[in-house]
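Asker: Let me give you the structure first, and then I'll get to my questions.
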């Protein structure tokens, strides 16, 4: 961080100073951890009357915003200009706070429309940094697409309808994805390993045209797109071993722009798709031998044949700790992305499903 940019009467708090983090975050440079996946966050307790975030942002598309909670109140901070693809920013988060202790939680609202290096928080010069609350012991990981990443969730004028046109990411909010809500309901951490438009296979789905990236490439990556500063980077699965894995991929898999859209009723494609899906689950099972896996699709409209395929996969895996869960309105609630009400509907059902398994789920 360029120290000359820090306002008079303020100081920069190092990212390594008494903070807690959640998500697949790149800590290879402790003074500049990189936030890549949607929903990743950092939390700090402090004294004083103001707080800002210092970031170096790399923008790919969409308008830029950060999500944060200040003393439990959710807010949003927009920053940057449309023609600025990258740069160092000081993003004001709160001013005029009462004297005393405060809590700031900064989270990544959007998926791969950008990534940023977190350079620290800026607080009053005479303020103190306090120990941040410890993370919960329970752990969840969700592999999914735009619904799991909270895309277009805040477009509340379009509940049960198609998405508004050209939203530029302003309605995206990973904090209100069903995965994040479920984790909070159950008092668990969450790694939201979700990306809008992603499918199982590379070169299918909608993510990252013209060379579409699938979950088969992304699931074991820290940086899962080639434009990162270091290109693709591998994730160390030993850093986070979840009790519960939600696997919600299949919504975008009917799209293949290069070869024509595949048909899940075609026996050859159905078999090939199922086998690759199972390969990923088996790979994750090796890394998470005690985890409970929930295979699912969301309430976003889709052909019910995809739910049948997920059911076939769960049965063929023949593992007592792998199940197929269907939301009450799976595939038939909305032609557009689920909004807040529908995300909370899904979270309520998934929370109940997991809660009914009892404490053994978290052992």
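Asker: Does residue 149 satisfy the condition of being buried (at least 24 other Cβ atoms within 10 Å of the Cβ) and outside the structural domain of residue 208 (by TED's automatic domain parsing)? Full working, then the answer.
Answerer: Working: buried (at least 24 other Cβ atoms within 10 Å of the Cβ): yes; outside the structural domain of residue 208 (by TED's automatic domain parsing): no.
When the stated conditions are applied, residue 149 does not pass them.
Here is a yes/no grid of residues against (1) in the same structural domain as residue 295 (by TED's automatic domain parsing); (2) touching a residue at least 40 places away in the same chain (Cβ under 8 Å); (3) over 20 Å from residue 35 (Cβ atoms):
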{"residue": "157", "(1), (2), (3)": "yes, no, yes"}
{"residue": "163", "(1), (2), (3)": "yes, yes, yes"}
{"residue": "169", "(1), (2), (3)": "yes, yes, no"}
{"residue": "187", "(1), (2), (3)": "yes, yes, yes"}
{"residue": "199", "(1), (2), (3)": "yes, yes, yes"}
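Asker: Specify the residue that is surrounded by the fewest Cβ atoms within 10 Å (Cβ to Cβ); the eligible residues are those in segment 77-124 that are free of Cβ contacts under 8 Å to residues at least 40 places away in the same chain and in a strand (DSSP E or B).
Answerer: Filtering first and then ranking leaves 78.
Asker: Then there's this: In the list 102, 176, 114, which residue meets the criterion of being assigned by TED's automatic domain parsing to the domain that holds residue 13, under 30 Å from residue 298 (Cα atoms) and modelled with pLDDT of 95 or more?
Answerer: Details: 102 fails: under 30 Å from residue 298 (Cα atoms); 176 fails: assigned by TED's automatic domain parsing to the domain that holds residue 13.
Result of the check over 102, 176, 114: 114.
Asker: Another one. Among the residues of segment 58-67, are any surrounded by fewer than 20 Cβ atoms within 10 Å (Cβ to Cβ), more than 17 Å from the chain's Cα centre (by Cα), over 24 Å from residue 230 (Cβ atoms) and in contact (Cβ under 8 Å) with a residue 12 or more places away in the chain?
Answerer: Taking every residue of segment 58-67 in turn, at least one turns out to be surrounded by fewer than 20 Cβ atoms within 10 Å (Cβ to Cβ), more than 17 Å from the chain's Cα centre (by Cα), over 24 Å from residue 230 (Cβ atoms) and in contact (Cβ under 8 Å) with a residue 12 or more places away in the chain.
Asker: A further question on this structure: From the list 8, 38, which one is assigned to a loop (DSSP other than H, G, I, E, B) and touching a residue at least 12 places away in the same chain (Cβ under 8 Å)?
Answerer: Exactly one residue qualifies, and that residue is 38.
Asker: A further question on this structure: Every residue in segment 180-234 that is under 16 Å from residue 246 (Cβ atoms), in contact with a helix residue (DSSP H, G or I) (Cβ under 8 Å, 6 or more places away or on another chain) and buried (at least 24 other Cβ atoms within 10 Å of the Cβ), please.
Answerer: 180, 182, 190, 192, 193, 194, 195, 198, 215, listed by residue number.
The values are calculated or read from the model by the stated rules, or taken from the named source; none is laboratory data. Just so we're clear, the structure is a prediction, and the values are computed from it rather than from any experiment. Every residue, glycine as well, gets a Cβ built from its backbone with ideal geometry; the counts of neighbours run over all protein chains shown.
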